[in-house]
1. Nearest-5 percent of antiparallel DSSP beta bridges in region 3-239?
2. Do the alpha carbons of any pairs in 120/188; 88/188; 68/147; 120/185; 144/213 sit beyond 31 Å of each other, and which pairs?
3. Order the peptides 78-90, 32-44, 62-74 from the highest to the lowest mean number of other Cβ atoms within 10 Å of their residues.
4. Only Cα pairs under 8 Å and at least 6 apart count here; give the relative contact order of the chain as a rounded whole percent.
5. Classify region 3-239 as rounded, prolate or oblate, taking a ≥ b ≥ c as the square roots of the eigenvalues of its Cα gyration tensor: rounded when a/c is under 1.5, otherwise prolate if a/b is larger than b/c and oblate if not.
6. What is region 1-104's relative contact order, in percent, from Cα pairs under 8 angstrom and six or more apart in sequence?
7. What residues qualify as long-range amide H neighbours of residue 130, i.e. H under 5 Å apart, gap of 5 or more or another chain, H built at 1.01 Å from N?
8. Subtracting the Cα-Cα distance from 0.36 nm times the residue separation, let me have the gained length for residue 25 to residue 160 in nm, one decimal.
Amino acid sequence: MIEIIPAIDLIGGQCVRLSQGKYNQKTVYSNQPVLVAKAFENQGYKRLHLVDLDGAKSGTPENLDVLKEICSETNLIVDYSGGIRTEKQVEMALNFGARFIGIGSLAINEPETFKGFIQKFGAEKFIVVSDVLNNQVYINGWLKETKIRIFDLISAYSELGINTFMCTDISRDGMLSGVNIELYKSLKESFTEKYIIASGGVSSKKDIYNLEKEGVDAVIVGKAFYEDIIPIENLTTNQC
């Protein structure tokens, strides 16, 4: 059964969504993200994908207070990403209640630093978060293209014990245009023993079903909820 993970993206403490990762194409949905998180929990969801877009852009976490509040007021299993660069920041996020830390840009720019995190905190605490366009990984809040292919990135960090990988297709994210089934099918076929989380473009229950059919382990749902394209009560994990 595929796991459905609601998403909250944060800018300035507000719940927002971007279109194709563009900061100048921002829609604000709520200035009370904790209430949004509670709504997801009340509908039976167990997980939450919490993205600090300010942190992703600036290189330092800027919404840890929101993380702390959500974790203290809900029982959601939260993964937090955006701007984590130091051991102290990892420790703070974990102490504030994050179950997992998503690492994106750092995995590319400072692999030795990330290896140090893995050695100190354990590989099970981390998710390698990749933003992808045409199989190339982007960093710094989707603003900078790298020369690294998503398949090579997963291979490298699999060897270091990372088991969970989240991949966002930038071309689909926030566009409600449907998921890139071929991308996630290829990833799952290449890394059968890894936990692959798909993100970007979910616009219907059919998208969820198609990912599940290809063996994808989990999917992030964001804008489809906020735009009420798919009512949140229609996507509990036992209904897909």
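Any read-out appearing in this document is the output of simple, stated calculations on the displayed coordinates, not a laboratory observation. What you see is a predicted model, and the numbers here were worked out from it, not measured in a lab. Heads up, the Cβs are rebuilt from the backbone with ideal geometry, glycines too, and the neighbour counts pull from every protein chain shown.
1. 30
2. Going by Cα-Cα distance, 88/188; 68/147; 120/185; 144/213 fall outside the 31 Å limit.
3. Details: 78-90: 21.6, 32-44: 16.9, 62-74: 19.1.
For the peptides 78-90, 32-44, 62-74, the packing ranking is 78-90, 62-74, 32-44.
4. Values: 499 pairs, mean separation 48.3, N = 240.
It comes to 20 percent, rounded to a whole number.
5. Working: a/c = 1.36, a/b = 1.08, b/c = 1.26.
Cα axes put region 3-239 in the rounded bin.
6. Details: 196 pairs, mean separation 25.6, N = 104.
The normalised contact order for region 1-104 reaches 25 percent.
7. Distant-sequence amide H within range of residue 130: 166, 167, 168.
8. Difference between extended and current length: 45.0 nm.
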